[in-house]
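Trainee: Quick one: the structure is below, questions incoming.
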Amino acid sequence: MPLPHQIELLAPARDADIGIEAVHHGADAVYIGGPGFGARAGAGNAVADIERLARHAHRFDARVFVTLNTILRDDELEPARRLAWQLYEAGADALIIQDMGLLALELPPIQLHASTQTDIRTPAKARFLQDAGLSQIVLARELDLAQIAAIRDALEPARCGIEFFIHGALCVAYSGQCYISHAHTGRSANRGDCSQACRLPYQVVDAQGRFVAHDAHVLSMKDNNQSLNLRPLIDAGVRSFKIEGRYKDMGYVKNITAHYRRLFDEILDERPGLARASSGRVAFGFTPDPLQNFNREFTDYFVHGRQIDVGAFDTPKNPGQPIGHVTRVADDHFDLQADDPTLSLANGDGLCYWDQQKALVGAQTNRVQPLGGGRWRVFPKDALAQLHDLRPGTPVHRNRSMDWVRALEKKSAERRIGVWLTLTEAPDGLCLSATDEDGHTAQAHAALPWSAPRDKAQASARLHEALARLGETIFTPLDIALALPRPWFVPPSVANALRREAIAALEAARAAAWQRLPRAAPVEPPTPYPEDTLSYLANVFNHKARDFYARHGVKVIDAAYESHQETGEVSLMITKHCVRYSLSLCPKQAKGVIGVKGTIRAEPLQLINGKERLTLRFDCKACEMHVVGKIKPGVMQRAEREAAEHALRFYRAAPAATSDSH
């Protein structure tokens, strides 16, 4: 966790190479999945790759956090414990966890962070996790500024820091509170294998069977973008700012990390009381632009309270940016008039448009031809007959620019740590001292007899130039002082060797000074959990987790939904998003409207996708929506066969109720 005055930009990494580029583009920390238990089934990495990433990140005092944030069966606890030790020995700085059973294991002395999957919405829950030994907590994305500030006030900043998502895809559910995928397919979101039912189109039907919405992606959210809210989020207490995207490609991580690095550097220049959480400054070879990456349009979600336009109801795809309109359609091409006459198209660009049914249709270019005056002839990859409803006047968007893609395939950033170099005389020759901006120092010596140069000015300039050649290192010269009492002739080979030795010694000094993040000790005696009863929503999947909550005063502990004890209708998703509100059917919206007040009630709605049916129920007091359904018989049967075939053990039954249980 960063110190209370430090601001941490936390970037995702699908693999070690992307993580290294995240560091190059300004990340103070990187989070990445290990070989298992990482809540992203397709984003695992070997321990050796994490070691390579950590070794590079630590050169800049950047940190590497590894996700170990699935819920675990009893038979997985020991493999998870062994993996935790392997990650610690590889140099990982923290583990991001969901399963409290891990706290009952013999873990290495590595810092632990509470995943957003732990569903942190209240000051009481946040304080409990701090007291249980978690050093950083990832808050629910749905919180507003006042709620974040209330959590800040409940914590001790020297013991526990606040992490918050600022960019990327949004889960519509409170993280950790979605079971639709498991109920319908057996793939558990809490175990890293979500089927993303929230991105499907649904018919929305009211209690009388009337259609409220047709083929609408009513559970699909726009993408998170807090670019305009960084200052108020800092004021509310956030210190670690997290970019979502462990499935994202290199170009996305480069661009979005660079975008926020520039924004935070502006803020840090304004606020001298704050500092970067790692070392070095970044120079970019491109202008970051979040609009260039895949996005479902942007929202800042609930940070400033409930808003009506948080959903990407028309499509879960990337609609891109408007660039012009069709002027002519021929047999094998169409002509496009760009809104901006300076716009440049390239072969392979991704274009798209909305058809008459409001469906997004892709029109990838195979070849483009400039016609002048902002006009372009586009030969699409697909036959024109497949591009239905494409006609003159159709607005066209671009959702992929090949020029942009190619630019980010090249080296696009350089991160350097400032260093002061001072050359002085020594009894037997010369001494070069190097001090970096973090205060680390090193020296190199050269045994060399004094010799006067023929041209004093030229010799000084060449010596200065030789010492300044730091191009292949992680350093950049802030100042080079030739503090010599008399002019020296220094052969270039000697000057170069001095520079290389001093810089190598400085890197070694930085490595020797690097310290692990401290593991927080839990409060003793154990702090009581804020509630004494836990339902399946607490995701308790193993006996160690059950014992953890019992030790913290919980008396009734139900097993996780994945234990298959909840066979009837239950809340398969709890979300702050409200379909009624987004469709302007909320009773609170109707207040004060003459002729409407009191005539609209928050009755349940039905979501229908093929044979799948889900019920929407509305908790207006809490201002939340519950998506209700039940587990499929086929999922139950497969789970029973798997348990029998592999002799799987996992927490099933609640502990016996004591006399004072309720």
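The values are calculated or read from the model by the stated rules, or taken from the named source; none is laboratory data. Here the structure is a predicted model, which means the values were calculated and not measured. Backbone-built Cβ (ideal geometry, glycine too); neighbour counts: all protein chains shown. Ligands, DNA and RNA are excluded from the accessible area calculation, which covers all protein heavy atoms including side chains. Shrake-Rupley method; radii C 1.70, N 1.55, O 1.52, S 1.80 Å.
Trainee: Determine if segment 332-344 includes at least one residue that is within 27 Å of Leu219 (Cα to Cα) and surrounded by 15 or more Cβ atoms within 10 Å (Cβ to Cβ).
Mentor: Among the residues of segment 332-344, not one is within 27 Å of Leu219 (Cα to Cα) and surrounded by 15 or more Cβ atoms within 10 Å (Cβ to Cβ), which makes the answer no.
Trainee: All but one of (1) part of a helix (DSSP H, G or I); (2) open to solvent by less than 70 Å² (accessible area, probe 1.4 Å) hold for Gln458, so report the exception by its number.
Mentor: (2)
Trainee: On to the next question. Taking the stated definitions as given, is Arg415 under 24 Å from the mean Cα position of the chain (by Cα), surrounded by 19 or more Cβ atoms within 10 Å (Cβ to Cβ) and in a strand (DSSP E or B)? Walk me through how you get there before you give the answer.
Mentor: Details: under 24 Å from the mean Cα position of the chain (by Cα): yes; surrounded by 19 or more Cβ atoms within 10 Å (Cβ to Cβ): yes; in a strand (DSSP E or B): yes.
Taking the combined requirement at face value, the residue satisfies it.
Trainee: Could you run through segment 606-652 and say how many residues are modelled with pLDDT of 90 or more, in a loop (DSSP other than H, G, I, E, B) and open to solvent by 80 Å² or more (accessible area, probe 1.4 Å)?
Mentor: Final tally of qualifying residues: 3.
Residues are listed down the side, and each one gets a yes or a no for (1) farther than 27 Å from Asp131 by Cβ; (2) outside any strand (DSSP E or B); (3) touching a Cys at 6+ places or on another chain (Cβ under 7 Å):
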| position | (1), (2), (3) |
| --- | --- |
| Glu163 | no, no, no |
| His167 | yes, no, no |
| Gly176 | no, yes, no |
| Asp215 | yes, no, no |
| Pro232 | yes, yes, no |
| Asp235 | no, yes, no |
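Trainee: May I ask you to say which residue of Thr299, Thr315 is closer than 23 Å to Gly168 by Cα, in contact with a Lys or Arg (Cβ under 6 Å, 6 or more places away or on another chain), hydroxyl-bearing (Ser, Thr, Tyr) and buried (at least 17 other Cβ atoms within 10 Å of the Cβ)?
Mentor: Thr299
Trainee: Open to solvent by less than 40 Å² (accessible area, probe 1.4 Å), touching a helix residue (DSSP H, G or I) at 6+ places or on another chain (Cβ under 9 Å) and assigned to a loop (DSSP other than H, G, I, E, B): which single residue out of Leu390, Leu408, Leu430, Leu423 fits that description?
Mentor: Details: Leu408 fails: assigned to a loop (DSSP other than H, G, I, E, B); Leu430 fails: assigned to a loop (DSSP other than H, G, I, E, B); Leu423 fails: assigned to a loop (DSSP other than H, G, I, E, B).
Every option except Leu390 fails the conditions.
Trainee: Tally time: how many residues in segment 476-505 are among the hydrophobic types (A, V, I, L, M, F, W, C) and either surrounded by fewer than 13 Cβ atoms within 10 Å (Cβ to Cβ) or in contact with a Phe, Trp or Tyr (Cβ under 7 Å, 6 or more places away or on another chain) (or both)?
Mentor: Just the residues of segment 476-505 that are among the hydrophobic types (A, V, I, L, M, F, W, C), to begin with: 478, 480-484, 488-490, 494-495, 497-498, 502-505.
Narrowing the set further to residues that are either surrounded by fewer than 13 Cβ atoms within 10 Å (Cβ to Cβ) or in contact with a Phe, Trp or Tyr (Cβ under 7 Å, 6 or more places away or on another chain) (or both) leaves 478, 483, 488, 503.
Residues that pass the stated criteria total 4.
Trainee: So the check is Cβ under 6 Å with 6+ separation or different chains; which pairs have a first residue in segment 98-122 that's farther than 24 Å from Cys178 by Cα and touching a residue at least 24 places away in the same chain (Cβ under 8 Å) and a second one that's surrounded by fewer than 17 Cβ atoms within 10 Å (Cβ to Cβ) and aromatic (Phe, Trp, Tyr)?
Mentor: So the pair list comes out as Pro108/Trp85.
Trainee: Another question about this same structure. Among the residues that make up segment 144-156, is at least one of them basic (Lys, Arg), crowded, with 21+ Cβ neighbours inside 10 Å, at pLDDT 95 or above and within 21 Å of Ile7 (Cβ to Cβ)? Don't jump to the end; show me each part of the working.
Mentor: Restricting attention to segment 144-156, the residues satisfying the condition of being basic (Lys, Arg) are 152.
The next check asks that each one be crowded, with 21+ Cβ neighbours inside 10 Å; those that pass are none.
No, segment 144-156 contains no residue that is basic (Lys, Arg), crowded, with 21+ Cβ neighbours inside 10 Å, at pLDDT 95 or above and within 21 Å of Ile7 (Cβ to Cβ).
Trainee: Scan segment 291-298 and give yes if some residue there is assigned to a loop (DSSP other than H, G, I, E, B), in contact with a helix residue (DSSP H, G or I) (Cβ under 7 Å, 6 or more places away or on another chain), free of Cβ contacts under 8 Å to residues at least 60 places away in the same chain and not hydrophobic (A, V, I, L, M, F, W, C), otherwise no.
Mentor: Yes, segment 291-298 contains a residue that is assigned to a loop (DSSP other than H, G, I, E, B), in contact with a helix residue (DSSP H, G or I) (Cβ under 7 Å, 6 or more places away or on another chain), free of Cβ contacts under 8 Å to residues at least 60 places away in the same chain and not hydrophobic (A, V, I, L, M, F, W, C).
Trainee: Just the residues that are under 17 Å from Leu585 (Cβ atoms) and either touching a residue at least 40 places away in the same chain (Cβ under 8 Å) or of a type in the set (Val, Ile, Thr) (or both), please, taken from segment 618-648. It would help to see each step written out before you state the result.
Mentor: Our first condition is that a residue be under 17 Å from Leu585 (Cβ atoms); within segment 618-648, this holds for 618-620, 623-627.
Residues satisfying the conditions are Phe618, Cys623, Glu624, Met625, His626, Val627.
Trainee: Which one is nearest to Arg55 (Cα to Cα), of the residues in segment 506-517 that are open to solvent by less than 70 Å² (accessible area, probe 1.4 Å) and part of a loop (DSSP other than H, G, I, E, B)?
Mentor: Residue satisfying both the conditions and the ranking: Trp514.
Trainee: Suppose we filter segment 120-139 for residues that are farther than 19 Å from Phe65 by Cα and of a type outside the set (A, V, I, L, M, F, W, C); how many remain?
Mentor: Of the residues in segment 120-139, 6 are farther than 19 Å from Phe65 by Cα and of a type outside the set (A, V, I, L, M, F, W, C).
Trainee: Filter segment 263-280 for residues that are aliphatic (A, V, I, L, M) and part of a helix (DSSP H, G or I); which is least open to solvent (accessible area, probe 1.4 Å)? Step through it out loud before you land on a result.
Mentor: Just the residues of segment 263-280 that are aliphatic (A, V, I, L, M), to begin with: 263, 267-268, 274-275, 277.
If we keep only those that are part of a helix (DSSP H, G or I) as well, we get 263, 267-268.
Working: Leu263: 42, Ile267: 2, Leu268: 21 Å².
Looking at residues that are aliphatic (A, V, I, L, M) and part of a helix (DSSP H, G or I), I get Ile267.
Trainee: What number of residues in segment 518-538 are closer than 24 Å to Asp131 by Cβ and either in a helix (DSSP H, G or I) or at pLDDT below 95 (or both)?
Mentor: Our first condition is that a residue be closer than 24 Å to Asp131 by Cβ; within segment 518-538, this holds for 518-535, 537-538.
Filter once more, so that each one left must be either in a helix (DSSP H, G or I) or at pLDDT below 95 (or both): 518, 537-538.
Result for segment 518-538: 3.
Trainee: Return yes when Leu470 is assigned to a helix (DSSP H, G or I), surrounded by 12 or more Cβ atoms within 10 Å (Cβ to Cβ) and either touching a strand residue (DSSP E or B) at 6+ places or on another chain (Cβ under 7 Å) or touching a residue at least 60 places away in the same chain (Cβ under 8 Å) (or both) and no when it is not. Before you say what the answer is, go through the steps one by one.
Mentor: Details: assigned to a helix (DSSP H, G or I): no; surrounded by 12 or more Cβ atoms within 10 Å (Cβ to Cβ): yes; either touching a strand residue (DSSP E or B) at 6+ places or on another chain (Cβ under 7 Å) or touching a residue at least 60 places away in the same chain (Cβ under 8 Å) (or both): yes.
The answer is no for Leu470.
Trainee: Out of the residues in segment 179-236 meeting the condition of being within 19 Å of the chain's Cα centre (by Cα) and of a type in the set (Asp, Glu), tell me which one is surrounded by the fewest Cβ atoms within 10 Å (Cβ to Cβ).
Mentor: Top of the filtered list is Asp193.
Trainee: Go through segment 346-373 and report how many residues are out of contact with any helix residue (DSSP H, G or I) (no Cβ under 6 Å at 6 or more places or on another chain) and surrounded by 16 or more Cβ atoms within 10 Å (Cβ to Cβ). Full working, then the answer.
Mentor: Step one: of segment 346-373, the residues out of contact with any helix residue (DSSP H, G or I) (no Cβ under 6 Å at 6 or more places or on another chain) are 347, 350-373.
Right, trim to surrounded by 16 or more Cβ atoms within 10 Å (Cβ to Cβ) and you get 350-354, 360-365, 368.
The number of residues fulfilling the criteria is 12.
Trainee: Okay, moving on. Kindly list, by first and then second residue, each pair from a residue in segment 334-360 that is more than 20 Å from Val405 (Cβ to Cβ) to a residue that is open to solvent by 30 Å² or more (accessible area, probe 1.4 Å) and of a type in the set (Val, Ile, Thr), limited to pairs with Cβ atoms under 6 Å and residues at least 6 apart or on different chains.
Mentor: Asp335/Thr327; Gln337/Thr327
Trainee: Considering only residues that are closer than 16 Å to Asn190 by Cβ and either touching a residue at least 60 places away in the same chain (Cβ under 8 Å) or among the hydrophobic types (A, V, I, L, M, F, W, C) (or both), which ones fall in segment 507-535?
Mentor: Here is the first cut: in segment 507-535, the ones closer than 16 Å to Asn190 by Cβ are 534-535.
Across segment 507-535, the qualifying residue is only Leu534.
Trainee: Which one is least open to solvent (accessible area, probe 1.4 Å), of the residues in segment 393-405 that are of a type outside the set (S, T, N, Q) and part of a strand (DSSP E or B)? Step through it out loud before you land on a result.
Mentor: Of segment 393-405, the ones of a type outside the set (S, T, N, Q) are 393, 395-398, 400, 402-405.
Still in the list and also part of a strand (DSSP E or B): 395-398, 400.
Working: Pro395: 81, Val396: 4, His397: 33, Arg398: 45, Arg400: 90 Å².
So the residue we want is Val396.
Trainee: Tally up the residues in segment 539-587 that are crowded, with 23+ Cβ neighbours inside 10 Å, aliphatic (A, V, I, L, M) and assigned to a helix (DSSP H, G or I), please.
Mentor: Residues that pass the stated criteria total 2.
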